[in-house]
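Asks: Have a look at the structure that comes next, please.
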Amino acid sequence: MRIPPTLRRLTGALAGLLLAAAAQAQTEITFWVRAPDAGFVEPLVKNWNASHNNKVALTVIPADDFVTKFGTAVAGGAAPDVVAIDLIFVPAFSQAGQLTEIGAEARALPYAKSLSPSHLRLAMYEGRQYAVPFSAESSFLVYNKDLFKKAGLDPEKPPKTMGELEAYAKKIAGLGKGVKGFYFSGACGGCNIFTMTPYVWASGGDVFTPDNKQEALDTPALRNTLAMYRRLWEAGAIPAGAKTDNGSSFISPFFTGKIGMIGSGAFSIGLLKKEHPELDFGVAPLPGDKGGSASFAGGDSIAIPKGSKHKKEAWEFIQWCLSPEVQVEQFAKNGSLPVRADLADNAYSRQDSRFAVAAAQMQAGRTPYSVKFNQLINDPNGPWLAMIQEAVFGPGVDPAIKNAQQKFRQILAAP
Amino acid sequence: MVTTLFGYTIPRSWAAYLFILPCLAVTTLFFLVPLGMTAWMSLNEWPLLGHPSFAGLRNYLALFVDASFWGSLLFTVKYTLVVTPAIFLFAFALALLVQRGARFVGIFRTAYFLPVVIGMTSASLLWTWLFNDQVGIFSALLMDLGLVDEPVQWLGETNSALASIVTMVLWKAAGFTMVILLVGMQAIPVDLYEAAALDGAGWLRQIRSITIPLMRRTFALALTMSFIGSFLAFEQFFVMTRGGPFNSTITIVHWIYRASFTYFKLGYGAAMSMVLLLILLVLSGLQLWLLRDDKE
């Protein structure tokens, strides 16, 4: 068939116009994060939307409901295009087939080798990669230097063993007038895997066996850690409110200036500097029973759920999230850690040596790998939290560990 | 008997069916069909993610040896036995107070009823803060009065947590029962009271010999509704105690929720729901039978 030249030209122009329109057309990328991330993700999304054609629509989900909401959304075919999840849940979501494999794209990133090793380890399931790091968070001890001074302790010498930590906490609590030595969220499983397990790791113990398939709770390391918490509680060195704190307080008791030491994460450095400049605080690694230290390398991974209708656009957004523009100019600037080792040393981290401690802990940090993490650890009625509650506030360490072992085995054995 | 519709003659009984059709349609769509689906689900291993497979009665058998299920059932019974009479007695007293058309009685009726229109979740959140040891008003009040030295951990012990929640529910739900009782009370002819007064019966005697016996049916309705409501309690525990301390305040519906959405075992959750339905049917039937009107 012969097409008249005018018509051919017209068709060409039309096609060009259509292409241009397609390029102009906005795609909306839906993005879900958990509530504690809202503080740093909301400005990030605002920046993206101000500078990009495709728009990101952010939904913030309460942290405790995240697994449930996301699971039901995928099951119901209503998954978002991008999701930032606690790195700890990536194995479970990968196993359930809820995430898109992005290994090839991730390996092609020029900085692939600098990405946080803990995040990458948890992003793998049966040899395939389903997520990339998004935000980093390590755990360490935050302590109030003024209270150290008042209690006659050297504010430049934080505890190096659990024994020292206990003695210091009791000494600080001895100041009276509502001052307490130590704080932890006693009704929050997720908080305690973050702040309590490092003592266990640093003392040579663990929660799971090395293959992550069995529990490894019955060790002197865990026993001693729980016993230390119990002694601090019984001595009145921990505020009574700790028992019912489901994580909604987490670090806020420290803001009052009446808490000597608390396990917390990198986010608290930025937060304390900004919101409570009156507090003179130091940071130190969480110690083991005979010295040494350990940290929980946490944070969020970012992934594309199965059923996302905009995979290409989603990946563009994810790449931008890993760029220095976000990792340095937004995350590091506001006091959190970049997920890329090649960006760890930056203009903002150099301003405060405390970030160096946080970054070092991130590199050395550990993360448990379990597809049953939510049921075992984060479930407010799960066995990990029940163990802590029974051991610290209840009948005692030994029966608590025994109960927990039985329930861990039950859950781990279930299909 | 026949009747006409759009000019057509139809048997009268058909018309009756036509009238109940809208209601039947809604009940079928929103109750019978989901019920059937739940029943079917309970016969399957039904993971939230992944494919269901037929399991026969396996879920029901597993349920019988599930200590958590029985523990939560026991706790729910305990809660119901505490909260149902508490609501009833409190509401009865309120109804007596606002029964007569005294001055400003409308204001009091409204005030007592007002908490009913607040959602249970919002009410639970509100009271969580009222009970909070740092900013809550109850601890502050007791400390200001010098009755306690340290803030009270209202939700920190099993019994005080239960008492705290019962107090909240009393505030939240008594107004509704009060209205039901008020309607029943006002349906009693005034001349009965007048005659009794002439015979020299005092206020208490009138309540005992007239109000209470004539309100049996209203009592049955009020008690059954609050009993079912209590047995299905979820939000107040989910929000205020999250099942703690030591998992001692997990109600049956909370456990169904956990099985379904924490453990992602929908089939098992469905089986528990069916058992709960059966328990409620039996207990409500029993209750209605006990409070039946002998004249019926």
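Nothing in this text is a laboratory measurement; each read-out follows from the coordinates by a stated rule. Keep in mind that what you see is a predicted model, and the values were worked out from it rather than measured. Cβ sites come from the backbone with ideal geometry, for glycine too, and all protein chains shown count toward neighbours.
Asks: From the list B:ALA271, B:ALA259, pick out the single residue that is over 26 Å from B:PHE131 (Cβ atoms), more than 21 Å from the chain's Cα centre (by Cα), assigned to a helix (DSSP H, G or I) and away from chain A (no Cβ under 14 Å).
Replies: That would be B:ALA271, the only listed residue that is over 26 Å from B:PHE131 (Cβ atoms), more than 21 Å from the chain's Cα centre (by Cα), assigned to a helix (DSSP H, G or I) and away from chain A (no Cβ under 14 Å).
Asks: Answer yes or no as to whether A:ASN54 is surrounded by fewer than 23 Cβ atoms within 10 Å (Cβ to Cβ), without any contact (Cβ under 8 Å) to a residue 12 or more places away in the chain and more than 12 Å from every other protein chain (Cβ to nearest Cβ).
Replies: No, not satisfied.
Asks: So how many residues does segment A:259-278 have that are surrounded by fewer than 20 Cβ atoms within 10 Å (Cβ to Cβ) and in contact with a helix residue (DSSP H, G or I) (Cβ under 8 Å, 6 or more places away or on another chain)?
Replies: Total meeting the criteria: 2.
Asks: Then there's this: Take the residues in segment B:35-49 that are crowded, with 16+ Cβ neighbours inside 10 Å and part of a helix (DSSP H, G or I); name whichever of them is nearest to the other protein chains (Cβ to nearest Cβ).
Replies: B:MET41
Asks: I would also like to ask the following. Just checking, how many residues over segment A:378-405 are touching a Pro at 6+ places or on another chain (Cβ under 8 Å) and more than 11 Å from chain B (Cβ to nearest Cβ)?
Replies: Matching residues across segment A:378-405 total 1.
Asks: Let me ask something else about it. For segment A:323-333, indicate whether the set of residues that are assigned to a loop (DSSP other than H, G, I, E, B), more than 14 Å from chain B (Cβ to nearest Cβ), of a type outside the set (D, E, K, R) and in contact with a helix residue (DSSP H, G or I) (Cβ under 6 Å, 6 or more places away or on another chain) is non-empty.
Replies: no
Asks: Go through segment A:92-138 and count every residue that is surrounded by fewer than 24 Cβ atoms within 10 Å (Cβ to Cβ) and either among the hydrophobic types (A, V, I, L, M, F, W, C) or not in a loop (DSSP other than H, G, I, E, B) (or both).
Replies: 23
Asks: So, one more: For segment A:347-371, enumerate the residues that are buried (at least 20 other Cβ atoms within 10 Å of the Cβ) and either without any contact (Cβ under 8 Å) to a residue 60 or more places away in the chain or within 11 Å of chain B (Cβ to nearest Cβ) (or both).
Replies: A:SER349
Asks: Sort through A:THR209, A:THR219 and tell me the only one that's surrounded by fewer than 21 Cβ atoms within 10 Å (Cβ to Cβ) and without any contact (Cβ under 8 Å) to a residue 12 or more places away in the chain.
Replies: Exactly one residue qualifies, and that residue is A:THR209.
Asks: Another question, then. With respect to the numbered conditions (1) within 21 Å of A:ALA123 (Cβ to Cβ); (2) within 14 Å of chain B (Cβ to nearest Cβ); (3) not in a helix (DSSP H, G or I), which one is the sole condition not fulfilled by A:ALA78?
Replies: With respect to (1) within 21 Å of A:ALA123 (Cβ to Cβ); (2) within 14 Å of chain B (Cβ to nearest Cβ); (3) not in a helix (DSSP H, G or I), A:ALA78 is out only on (1).
Asks: Would you confirm whether any residue within segment A:343-365 is of a type in the set (Val, Ile, Thr) and under 17 Å from the mean Cα position of the chain (by Cα)?
Replies: yes
Yes or no, residue by residue, for (1) in contact (Cβ under 8 Å) with a residue 40 or more places away in the chain; (2) among the acidic types (Asp, Glu); (3) surrounded by fewer than 18 Cβ atoms within 10 Å (Cβ to Cβ):
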residue: B:HIS51; (1), (2), (3): no, no, yes
residue: B:ARG58; (1), (2), (3): no, no, yes
residue: B:THR76; (1), (2), (3): yes, no, no
residue: B:ASP133; (1), (2), (3): no, yes, no
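Asks: In segment B:124-151, how many are touching an Asp or Glu at 6+ places or on another chain (Cβ under 9 Å) and at the interface with chain A (Cβ under 9 Å from one of its Cβ atoms)?
Replies: Qualifying residue count for the region: 3.
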